[in-house]
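**Q** There's a structure below that I have some questions on.
Each value in this text was obtained by applying a stated rule to the coordinates, not by laboratory testing. No experiment lies behind these values; they were computed from the predicted model shown. With ideal geometry, Cβ positions are generated from the backbone for all residues, glycine too; neighbour counts draw on all protein chains shown.
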Amino acid sequence: MENSLLEVQGLKTYFFTEAGVVKAVDDATFDVRSKETIGLVGESGSGKTVTALSALRIIPRPGRIVAGSIKFEGTDVLAKSEDEMRQLRGPKMAMVFQDPSSSLNPVYTVERQLSDILMLHRKLTKKEASQRAEYLLELVGIQDPETRLKAYPHELSGGMKQRIAIARALSCEPTLLFADEPTTNLDVTVQAQVLELMKKLQRDLGMSMVMITHDMGIIADMTERVTIMYAGRVMEATETKTIFHEPRHPYTEALLAAVPRVDQRRILEVIPGNIPNLIEPPSGCVFHPRCKYARRICMDNVPPLEETGRGHTVACIRWKEVSLKGV
Amino acid sequence: MIMPEPLLEVQSLVKHFDVVQRGILRRTKTGIVHAVDGIDFHINHMETLALVGESGCGKTTAAKVVLYLEDPTGGEVKFDGIDVFHTFRTGDTATRLKLRRSMQMVFQNPYASLDPRMTIYDIISEAFLVHKHVPKEKWKDRVYEVLRMVNLEEYHAERYPHEFSGGQRQRISIARALAVEPSFIICDEPVSSLDVSIRAQILNLLADLQKQHGISYLYISHDLSSVRQISHRVAVMYLGQIVEHANTDDLFTKRLHPYTQALVAAVPIPDVDKKTMRIILPGEVPSPINPPGGCRFHPRCPYATEVCKQREPKLEEYQKGHFAACHYATKFI
């Protein structure tokens with residue numbers, strides 16, 4: 001695809017555990033264009049986080065990328081040396097993690113955590129780095145940045161820690177930011193602040209963003225395109241508007257019908273069963289045991305990710321036969 | 001018309017915690033956490049009241065005090081006409097157990113609230129051991145019965161908690177609560193640690209159990225979408241106090257308190273055609289150790305005036321059954 005900043009093709013990332021091979025990401029394909037925000041939607045175990053970790057090549061042991069290609073700005077990420085990767089992480093691609101309490105280092109001050117990166121990548125002096133750190137705190141809306149720089153993470157509230165994690169990710173002005181459930185651990189009013197901040201920063205800095213979340217509300221609000229994952233596979237990908245109006249995968253439809261809404265009370269349609277075990281995923285389509293449209297054919301065949309319309313891909317054998325409801 | 005007695009009546013409930021500095025020889029009290037600061041509410045038979053608020057607003061503490069799991073600082077709780085605090089303080093074991101049987105709790109995290117070394121059978125039948133309301137030969141039948149009530153199977157009884165998913169574990173917690181046939185269950189964020197596709201299962205289950213067995217709930221949550229779905233009435237808490245209280249639909253459509261307005265507006269709606277109009281509140285929830293004077297919300301309130309800094313607003317009824325604690329509530333009607 002043209003103009004793609006990040007292109008992920010057929011990515012497979014497996015974890016080789018004692019209990020067996022966990023197929024955390026099993027054939028994921030998507031792309032991120034310049035200056036856009038895409039959503040990566042999924043529940044726990046859907047592989048959305050591991051996909052982001054794979055792009056940055058920071059998969060923890062015993063995980064390994066076993067197949068696929070990842071291209072960033074046209075270059076092959078998987079062919080890079082560890083040194084080259086280090087040049088990429090930070091200035092080019094950065095990530096904000098879900099839990100700021102565990103992603104910030106508890107024994108260093110905020111200043112040290114921010115200026116270390118700047119001194120390494122931007123070759124700033126200590127003094128320049130700490131000035132820049134102060135500017136970054138202002139950028140993410142932290143009041144009284146001078147005192148906050150001297151603080152340790154435990155002295156800060158959850159919302160403030162997440163702002164600092166965002167400031168750190170933005171410190172080298174990355175072209176692509178992965179935000180992994182950045183607001184899940186925050187209170188609603190603080191979530192509103194952080195989402196608004198991320199929207200503004202994305203616009204002002206002209207970066208691309210991958211918003212990883214399970215919250216369809218955040219998807220509707222923040223993203224232009226969306227990729228829906230389930231049990232390590234991509235189920236559907238298209239423009240956000242289309243996902244809500246004309247979903248073509250039964251999982252997307254089920255997900256939309258199962259979430260409560262703050263603006264109305266309605267009958268919630270339950271998705272039966274549980275999220276599958278990734279060591280022995282269901283045969284055929286991974287969603288078939290929970291899918292109300294499933295037939296024999298779904299058990300036996302793995303559905304390919306098909307292009308069903310302009311920029312709309314779906315992995316469902318029966319997509320032509322079923323008619324689905326959006327919101 | 002005779003108004004039916006509410007099942008649960010909470011009046012001027014207060015819970016303060018001392019902040020203590022531990023020295024070598026003595027402990028000095030350095031402050032007080034105003035966790036719950038004078039709240040009133042009631043729950044009718046077969047009704048669900050949601051207690052809503054952000055972390056630190058005192059909603060969980062309030063629930064624990066209602067069940068006398070925390071010692072109250074002040075106030076009164078009546079359950080079915082019985083004075084709860086009085087019973088637990090002075091009553092004999094039999095009356096206390098009787099009260100415990102009617103009031104149960106389901107906790108937020110089903111990974112922490114089930115003992116990993118007990119089978120599901122042991123977890124559920126432990127209640128029979130304590131309350132002795134089921135003869136030993138009926139234990140098995142009763143365990144199977146409550147498992148079926150939460151849509152689990154009989155063979156699950158012999159398994160251990162680690163063999164279950166989060167949603168199933170939450171069903172087990174609910175089954176455990178049901179084992180003593182309670183008329184009232186406090187659910188503390190029962191779905192917030194679950195995956196989205198599983199939340200609807202639990203919300204629907206709670207609603208079905210209410211219809212079939214006439215159970216009342218106090219539903220504690222910060223997730224307003226699930227609150228809208230499950231509750232009949234909603235009380236919004238901020239820094240230990242109730243700031244607004246109304247029927248669910250009224251509360252979500254005619255928000256009289258600026259905090260409720262911001263809280264509801266902050267929730268992203270899963271619909272591309274509904275643009276979220278966020279009201280961004282400045283700052284964060286202040287510490288309950290030194291809550292702001294006047295209206296506790298005034299430092300973050302977009303409408304605050306001099307009056308709000310000086311005078312604490314009372315919770316007043318503005319429309320039938322719709323209470324708010326704001327000097328300017330009439331402005332929003």
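**Q** Can you figure out the FRET efficiency of B:His86 with A:Asp76, using R₀ = 56 Å and their beta-carbon distance, to the nearest 0.05?
**A** Once rounded, the FRET efficiency stands at 0.15.
**Q** Points 7 angstrom from Cα along the Cβ direction at A:His121 and B:Glu154: gap in nanometres?
**A** Reported label-point gap for A:His121 and B:Glu154 is 6.1 nm.
**Q** Quick one: grab Rg to one decimal and Dmax as a whole number for chain B, Cα atoms only, in Å.
**A** Here Rg and the maximum Cα pair distance are 21.2, 69 Å.
**Q** Please give the length that would be gained between B:Phe332 and B:Ile32 if that part of the chain were fully extended, namely 0.36 nm times their separation in residues minus their C-alpha to C-alpha distance (nm, one decimal).
**A** Roughly 104.6 nm would be gained on extension.
**Q** Putting +1 on Lys and Arg Cβ atoms and -1 on Asp and Glu Cβ atoms, find which of A:Ala28, A:Met85, A:Pro60 reaches farthest to the positive end of the dipole of the range A:1-159.
**A** Of the options given, the answer is A:Met85.
**Q** Give the residue from B:Asn247, B:Thr276, B:Gln310 lying farthest towards the positive end of the charge dipole for the range B:232-333; charges sit on Cβ (+1 for Lys and Arg, -1 for Asp and Glu) and the dipole is referred to the Cα centre.
**A** Ranked along the dipole, the leading option is B:Gln310.
**Q** At a Förster distance of 35 Å, what's the computed FRET efficiency of B:Thr93 paired with B:Val20, Cβ-Cβ distance as r, to 0.05?
**A** With R0 = 35 Å, the Cβ-Cβ based efficiency is 0.65.
**Q** Next question, about the same structure. Which percent of Cα-Cα pairs in the protein assembly as shown sits in each 20 Å bin, short to long?
**A** Result returned by the calculation: 17, 48, 32, 4, 0.
**Q** Kirkwood Rh over Cα pairs of the range B:232-333 into Stokes-Einstein at 4 °C, 1.567 mPa s: D in µm²/s?
**A** Rounded, D is 91 µm²/s.
**Q** In nm, to one decimal, how far is the modelled label at B:Arg117 from the one at A:Ser283, with both set 7 Å along Cα→Cβ?
**A** 4.2
**Q** With runs of 4+ DSSP H residues as the only contributors, calculate the mean residue ellipticity of chain A at 222 nm using -39,500 (n - 2.57) per run, divided by the residue total and rounded to the nearest 500.
**A** That calculation yields -9500 deg cm²/dmol at 222 nm.
**Q** Which order, highest average first, do A:194-205, B:287-298 follow once you tally other Cβ atoms within 10 Å for each residue and take the mean per peptide?
**A** Order by mean packing, descending: B:287-298, A:194-205.
**Q** Let's see if you can work this out: charge +1 on each Lys and Arg Cβ, -1 on each Asp and Glu Cβ, no other charges. What is the dipole magnitude of the protein assembly as shown about its Cα centre, in debye to the nearest 20?
**A** For this selection, approximately 540 debye.
**Q** Let me ask something additional. Once the Cβ-Cβ distance between B:Asp40 and A:Ser69 is put in as r, and R0 is 56 Å, what FRET efficiency do you end up with, to the nearest 0.05?
**A** Here the calculated transfer efficiency is 0.35.
**Q** Taking 8 Å as the Cα distance limit and 6 or more residues as the minimum spacing, I'd like the relative contact order of the range B:232-333 as a percentage.
**A** Relative contact order here is 30 percent.
**Q** Taking the simple approach of a point 7 Å from Cα along Cα-to-Cβ for both A:Arg266 and A:Ser102, what is their distance in nm?
**A** Each label point lies 7 Å from its Cα, and together they span 3.4 nm.
**Q** Let me ask something else about it. Need the list of lysines near A:Lys48 for cross-linking: C-alpha distance under 18 angstrom, and skip anything on the same chain fewer than eight residues off.
**A** The qualifying lysines are A:Lys12, A:Lys23, A:Lys71.
**Q** Specify the angular offset, from 0 to 90 degrees and rounded to the nearest 10, of the alpha carbon long axis of helix A:158-170 from the longest principal axis of the alpha carbons in chain A.
**A** For A:158-170 against chain A, the angle is about 90 degrees.
**Q** Okay, next question. Within 10 Å of each Cβ in B:47-56, how many Cβ atoms from other chains are there, averaged over the peptide?
**A** Taking the mean over all residues of the peptide, I get 2.
**Q** Say we join alpha carbon atoms closer than 10 Å with springs in a Gaussian network model of chain A; which of A:Gly217, A:Gly20, A:Gly159 then has the biggest fluctuation?
**A** The residue that fluctuates most here is A:Gly20.
**Q** What number, in percent, do you get for the relative contact order of the range A:140-214 if the mean sequence gap of Cα pairs under 8 Å and at least 6 apart is divided by its residue count?
**A** Reported relative contact order: 37 percent.
**Q** Express the Stokes-Einstein translational diffusion coefficient of the range A:1-71 in µm² s⁻¹, to the nearest whole number, given a Kirkwood radius over alpha-carbon pairs, 37 °C and a viscosity of 0.692 mPa s.
**A** So the translational diffusion coefficient is about 260 µm²/s.
**Q** Could you grab the relative contact order for chain B? Cα pairs under 8 Å, six or more apart, rounded to a whole percent.
**A** 19
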